[in-house]
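Written out below as structure tokens is the structure these notes cover.
The values are calculated or read from the model by the stated rules, or taken from the named source; none is laboratory data. Given the structure is predicted, the values throughout are model-derived calculations rather than measurements. Methodologically, a virtual Cβ is constructed for each residue, glycine included, from the backbone with ideal geometry; neighbour enumeration extends over all protein chains shown. Accessible surface areas use protein heavy atoms only, side chains included; no ligands, DNA or RNA. Shrake-Rupley method; radii C 1.70, N 1.55, O 1.52, S 1.80 Å.
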Amino acid sequence: MNRNISKIAAILSLSVTFTMIGQPAFAKTTFTPLKKGMNNARVLEVEKMLDALNFDRKLKVDKLYTADTVYNVKQFQKKYKLKQTGIVNKATYDKLKKTYNALKKKPAPKPQAPAKPAQPADQAVTLKLGSTGERVKDLQKMLADLGYKVTATGKYDESTRFAVMLFQSRNKQTLTGEADAKTYKAIETQHKNNKNQPKPTPEPTPAPTPKPPVTPAPTPSQPETPQKPDTGTQVPLPAELTADEKQMVQLVNQERTSRGLAPYQVDMQLVKVARVKAQEMVAKGYFSHTSPTYGSPFQMMDTFGIHYIAAAENIAQNPSVSGAHQMFMNSSGHKANIVSPTYDYVGIAVVDGGPHGKTFVQMFLKK
């Protein structure tokens, strides 16, 4: 009996000893999350790491956890797929530390080819149709100040895409209608340079017309010398125009002269481009400002060697010339192109075909 009690005591004693020896394995190191308003050495460490990793928009390395620190922490968390709280918890701190240490191990860049500073995450995003936010609104404001017809809504809509494409065309960039970092920077630079200069007359945006796809068109012929604009009420009509095209030119110029504007001069090179567009719409059975073959009207003009300062396009389908003209004049966007003081030249094509009998294309230019 006494022997058994002794055994139990020994077992209990061993158990206690084992528990005490194992205790450190269950000890936890506490980490206090860093958040806005805090001011300590660990905040300074985090700021230094963020700065080294180029998460540094308005960041001050000063030990004070500000709204700018929160922003840059969120950008870091977003990039590394952590929960975007703006608070540095243990997971965020460990990831920062690991990323920072990995950066330090990289070999220094060669002096002759220094690495470009990384852009803040929001500035690297390409703005396109459907994008929203303050950066879109800033882009729209700059475009509006530069004379493009855009409203600063913060939503990248068709009018914004059109304005960006027009900017790209004028500045010899690839026409995408999207504001990537290069296009955004070019708009920003031009906006700064033009801040103290008079604003150009804004160009009207062609009103969108119902869209239903396009046809390989004939090779354009050599450009012809356009007629010089004058201020008379009538202009000579080239013999190469069809009867329908002459009638449409006369109706358009009557609208202009009745408002005290100079009549449009006919540019036969532009007429031929308009005919290609009209014929393509009939042949391919689509109805849109964007050609599947040539892209936007501006891309198409560039392809055919048309040079311009400003440009616009109207399209319609109707059984008659007078009916199409009336449709244009009843639409504010189309009418604005017809009676705009911005443009000097016109190219009009009327082609038989399409679901409504005839297909009409009007192209306007300022050279």
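Observations on the model:
- Helices (runs of 4 or more DSSP H) (entirely within the stretch 23-131) containing at least 2 residues that are closer than 22 Å to ALA181 by Cα, modelled with pLDDT of 90 or more and open to solvent by 80 Å² or more (accessible area, probe 1.4 Å): 67-79
- Meets criteria (open to solvent by less than 20 Å² (accessible area, probe 1.4 Å) and among the polar types (S, T, N, Q)) for ASN330: no
- Scan the stretch 338-367 for residues that are of a type in the set (Val, Ile, Thr), open to solvent by less than 10 Å² (accessible area, probe 1.4 Å) and in contact with a helix residue (DSSP H, G or I) (Cβ under 6 Å, 6 or more places away or on another chain) and the total you get is 4.
- Summed over the stretch 151-165, residues that are closer than 15 Å to ILE187 by Cβ and open to solvent by less than 20 Å² (accessible area, probe 1.4 Å) total 5.
Residue by residue, here is whether (1) in contact with a helix residue (DSSP H, G or I) (Cβ under 9 Å, 6 or more places away or on another chain); (2) farther than 11 Å from VAL88 by Cα; (3) assigned by the TED database to the domain that holds ALA91 holds:
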position	(1), (2), (3)
PHE31	yes, no, no
LEU44	no, yes, yes
ASP51	yes, yes, yes
ARG57	yes, yes, yes
LYS60	yes, yes, yes
LEU64	yes, yes, yes
ALA67	no, yes, yes
TYR71	no, yes, yes
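- Residue in the stretch 309-327 that is part of a helix (DSSP H, G or I), open to solvent by 10 Å² or more (accessible area, probe 1.4 Å), in contact with a Phe, Trp or Tyr (Cβ under 8 Å, 6 or more places away or on another chain) and closer than 25 Å to LYS149 by Cα present: no
- Flag for GLU158 being modelled with pLDDT under 85 and not assigned by the TED database to the domain that holds THR69: yes
- Answer residue from the stretch 166-191, given it is among the β-branched types (Val, Ile, Thr) and open to solvent by less than 50 Å² (accessible area, probe 1.4 Å) and is nearest to SER131 (Cα to Cα) among those: THR183
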